[in-house]
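Following: one structure in structure tokens, then a few remarks.
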Amino acid sequence: KMCGVLVGLTELDGSLRRGPIHPLVESASIHASLIEGGIELSTYPDRCLLQIERRTIPGETAAKVQGELQSIVAKVGEGDPAFRGEVRLGIVRDPFEISIDAPIVQTLRRVMNATIGHDRIFKRTTGWMDSALLSAAGIPTVVFGPGGDGAHAASEWIDLDQLEACRKIYLTTVREFCG
């Protein structure tokens, strides 16, 4: 019975990815992360637990996400009195964005120009970071770091020359911004 929910999530993900594109975090998305149920191969499971990750973009709310999920579950349950589904939000993480005109951004760009000769810091990233929590607490925040690849993978790496440049940029930015 979870199949209909998975199909609904796939359709929602396609819709989200075709929807509004945020200049820094791309589109919203959703995916099934963990699924468990059943006790053996030859019997129908008496329950199934699905955990999803819904990546939001600025302007989206937890209420919107909950509504999307409840709509999927309700649609799957139409015409099937044996289907029972419940939506519970777990961890809710607000999306993060910062204005290009924010003082911390302007300081970082100035320091980058002086240190590495350019200030091209704006790159799209879809991952969630603690920046949203820091910003919500009133702490001026910008996401900035060295290039690399393989985040959260078995083979994760960063460019060591860029790491050293970042170290210099971080130190100078903190000194200038914090006085």
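Things to note:
- Within the stretch 129-163, the set of residues being open to solvent by 70 Å² or more (accessible area, probe 1.4 Å) and in a strand (DSSP E or B) comprises ASP149, TRP157, ILE158.
- Among the candidates ASP119, ASP101, residue that is surrounded by 11 or more Cβ atoms within 10 Å (Cβ to Cβ) and either modelled with pLDDT under 95 or touching a His at 6+ places or on another chain (Cβ under 9 Å) (or both): ASP119
- The stretch 94-113 residues that are over 25 Å from GLU164 (Cβ atoms) and in contact (Cβ under 8 Å) with a residue 24 or more places away in the chain, paired with ones that are open to solvent by less than 60 Å² (accessible area, probe 1.4 Å) and charged (D, E, K, R) (beta carbon under 7 Å, 6 or more apart): PRO95/GLU60
- Within the stretch 1-30, the set of residues being buried (at least 17 other Cβ atoms within 10 Å of the Cβ) and in a loop (DSSP other than H, G, I, E, B) comprises LEU24, VAL25, SER27, ALA28.
- Single unsatisfied condition, ALA63 versus (1) more than 28 Å from the chain's Cα centre (by Cα); (2) closer than 30 Å to VAL143 by Cβ: (1)
- Filter pass, GLU68 being of a type in the set (Asp, Glu) and closer than 24 Å to PHE144 by Cα: no
- Extreme residue, surrounded by the fewest Cβ atoms within 10 Å (Cβ to Cβ), among residues of the stretch 31-46 that are touching a Cys at 6+ places or on another chain (Cβ under 8 Å) and not in a loop (DSSP other than H, G, I, E, B): GLU36
- Scope the stretch 71-82; condition surrounded by fewer than 16 Cβ atoms within 10 Å (Cβ to Cβ) and either of a type in the set (Ser, Thr, Tyr) or closer than 26 Å to GLY127 by Cβ (or both); matching residues: SER71
The values are calculated or read from the model by the stated rules, or taken from the named source; none is laboratory data. Not measured: the values here are computed from a predicted model. Neighbour counts run over all protein chains shown; Cβ positions are idealised from the backbone, glycine included. Calculation scope for accessible area: heavy atoms of the full protein, side chains included, ligands and nucleic acids excluded. Shrake-Rupley method; radii C 1.70, N 1.55, O 1.52, S 1.80 Å.
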